[in-house]
1. Starting from the residue with the highest accessible area, list Thr81, Thr213 in decreasing order, probe 1.4 Å.
2. Could you tell me the distance between the Cα centroids of region 36-52 and region 152-206, to the nearest Å?
3. Quote the FRET efficiency, to the nearest 0.05, computed for Thr81 versus His134 with a Förster distance R0 of 25 Å and r equal to the Cβ-Cβ distance.
4. Quick one: dipole size for the chain, taken about the Cα centre, charges +1 on Lys/Arg Cβ and -1 on Asp/Glu Cβ, in debye to the nearest 20.
5. Taking 0.36 nm per residue of sequence separation and subtracting the Cα-Cα distance, how much length would be gained by fully extending the chain between Asp242 and Tyr120, in nm to one decimal?
6. Is it possible to state the helix-based mean residue ellipticity at 222 nm for the chain, with each DSSP H run of 4+ residues giving -39500 (n - 2.57), the sum divided by total residues, to the nearest 500 deg cm²/dmol? What is it?
7. Which of Asp227, Asp163, Asp150 moves most in a GNM of the chain, Cα contacts under 10 Å?
8. What nm value, rounded to one decimal, do you get for the distance between Gln212 and Ser37 when each label is placed 7 Å out toward the C-beta?
Amino acid sequence: MTSTLPSSIASLGATPEAALPPVSLKIRQRLQDAGVSFLANDNIAEYLADGELDQLEIEVAGKVRELLRSLVIDIDNDHNTEETAERVARMYLHEVFKGRYHHQPKIASFPNVKKLDEIYTVGPISVRSACSHHLVPILGNCWIGIKPGDRVIGLSKFSRVADWVFSRPHIQEEAVMILADEIERLCEPQGLAILVKAQHYCMKWRGVKEPQTSMVNSVVRGDFRHDPSLKAEFFELVKQQDSVLST
Ligand SMILES: [Zn+2]
């Protein structure tokens, strides 16, 4: 059968399956052809064909296995790391980075029939991410302030969309912006404010090893941006929710 293969591949003794280009290459090509960015914190679900996520899981597991070998870990004899590669591949694609490979959870919005226009805040919503620089955890809380517009979404939906956005490799500043864009798209509020307070394990676990440091950042849009009293009210409400946490 190898006679039908190009000589360069046949000479390596490769099977036809092994000669296929890796699925990640196919996906990257598709993204490039579409002129779409595929940075660490982009979602690429729309560009994955049926079954490709399963193939990607196999490919990633293979690479993680190679990484473990390069770290001189005896994965053939170590009962603890025997299946680590498969676990890590699954964890990246379907759990901690699922916000890259899976579609946004279905979130229905409803007309704001009562014309509510008082602000409210939701939080703390726990957020889990990983820093793009070291791929170690970023764990924290998020508060979202809304001045409703023509459409509203259920309270629990803020947790769902935050989880989806944060489950990608990120830097915190960009994560907050992307979350704001998604919420604006979902319910077009008159005003939106988001505050995130998170601990970065690349500072706690390695590097300077500062266990207590956290990073706080926020984004304010629409009426929260234009009206200082509204912005102050948001931060006051967050403070109240935060103190409930520490009691
Ligand atoms: Zn880092």
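The values are calculated or read from the model by the stated rules, or taken from the named source; none is laboratory data. It should be emphasised that the depicted structure is a prediction, and the values quoted were computed from it without experimental measurement. Glycine gets a Cβ as well: all are built from the backbone with ideal geometry, and neighbour counts include every protein chain shown. To get the accessible areas, we keep the full protein, side chains included, count just its heavy atoms, and leave off ligands, DNA and RNA. Shrake-Rupley method; radii C 1.70, N 1.55, O 1.52, S 1.80 Å.
1. Putting Thr81, Thr213 in descending order of accessible area: Thr213, Thr81.
2. 19
3. 0.75
4. 500
5. Answer, rounded to one decimal: 42.4 nm.
6. Taking each H run of at least 4 residues, the total per residue is -12500 deg cm²/dmol.
7. The residue that fluctuates most here is Asp227.
8. If labels sit at Gln212 and Ser37, their model points lie 3.7 nm apart.
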